[in-house]
Amino acid sequence: MSQYSTLLGKEPIHVGKVRELFDWDDGTLLMVATDNISAFDYVLDSVIPDKGKVLTELSLWWFEQIADVTANHVISDAVPEAVAGRAVIVEKLDMVPVECIARGYLTGTGWAEYQVSQTVCGIPLPAGLHDGSKLPEPIFTPSTKAEIGVHDENISYQTMVDTLTGPELGAQIRDTTLAVYSRAEALAATRGIILADTKFEFGRRADGTLVLGDEVLTPDSSRFWDAGDYAQGKLTSFDKQFLRNWLTQESGWDKASGTTPPPLPEHIIAATRARYIAAYEQLTGKAFVA
């Protein structure tokens, strides 16, 4: 169900976990970031106030930082007042059906796979790594793009090439993903933040040009760790890992049960919001204005 159709006077063409897309002027799209938050492929009943604005403003900042690495889909942030700060006008693209994940550190589903097979998405890794280990070099680990309520599935690069992209496009999205990650990881390090991993989505223009779409390098699509704490052996997150931890460790919810996660208590909502804003402010050097 759309949260913004009444305000905008039209129905969306797509409602995702976090974003709503509307047909706009001259064949463009209006992309609106809601305050919804998802975890373990569920859209939670609770919202995080101002989250959509943080994601939008941080994405715009990052697009400027990586503009010489790859083209992006943003045309303008001059949007209706009803969605100001949380929406952008973007190109219509033919989206590539792959979640493009770059990992510079071992954690999450990669750590889970490594403990079983010493690989991540079929890529062999050295023995003796632990949760949070820096990898010898960043790796590209694609996954499928699932519908809401269905789990994304990590796949090997070869499976992606054979079933989803073909060799030429596959190599292009891999190389661009790693190039953007390397630029962003180095920049984040200068701000005291470790970019452990991140997820990108790409589309193509009619002429075949590859374009970075959706959001980019936000606390929703990335793992950000405090570099000072990491040096002391702690993984302090500026992202929704804090919320995931509450769901799996404290809430009493069993993610294998097939049931919807419980509503978030107010202190978890407030703490999650604070982490998102802290990431924005530490990365950009600007105060967040709600």
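The values are calculated or read from the model by the stated rules, or taken from the named source; none is laboratory data. Just so you know, these numbers come straight off a predicted model, no measurement behind them. Glycine also receives a Cβ, built like all others from the backbone with ideal geometry; neighbour counts cover every protein chain displayed.
What the table shows:
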| item | result |
| --- | --- |
| Only one of Thr70, Thr109 that is at pLDDT below 95, over 30 Å from Thr6 (Cβ atoms) and under 19 Å from the mean Cα position of the chain (by Cα) | Thr109 |
| Qualifying residue in region 157-178 (condition: within 26 Å of Gly228 (Cα to Cα) and not assigned by TED's automatic domain parsing to the domain that holds Lys17) | yes |
| Test: residue in region 98-106 that is assigned to a strand (DSSP E or B), under 17 Å from the mean Cα position of the chain (by Cα), in the same structural domain as Asp214 (by TED's automatic domain parsing) and β-branched (Val, Ile, Thr) | yes |
| Some residue of region 116-136 being hydrophobic (A, V, I, L, M, F, W, C), part of a strand (DSSP E or B) and either under 21 Å from Asp239 (Cα atoms) or not assigned by TED's automatic domain parsing to the domain that holds Trp225 (or both) | yes |
| Filter pass, Ile155 being farther than 22 Å from Arg19 by Cα, of a type in the set (A, V, I, L, M, F, W, C), within 19 Å of the chain's Cα centre (by Cα) and modelled with pLDDT of 95 or more | no |
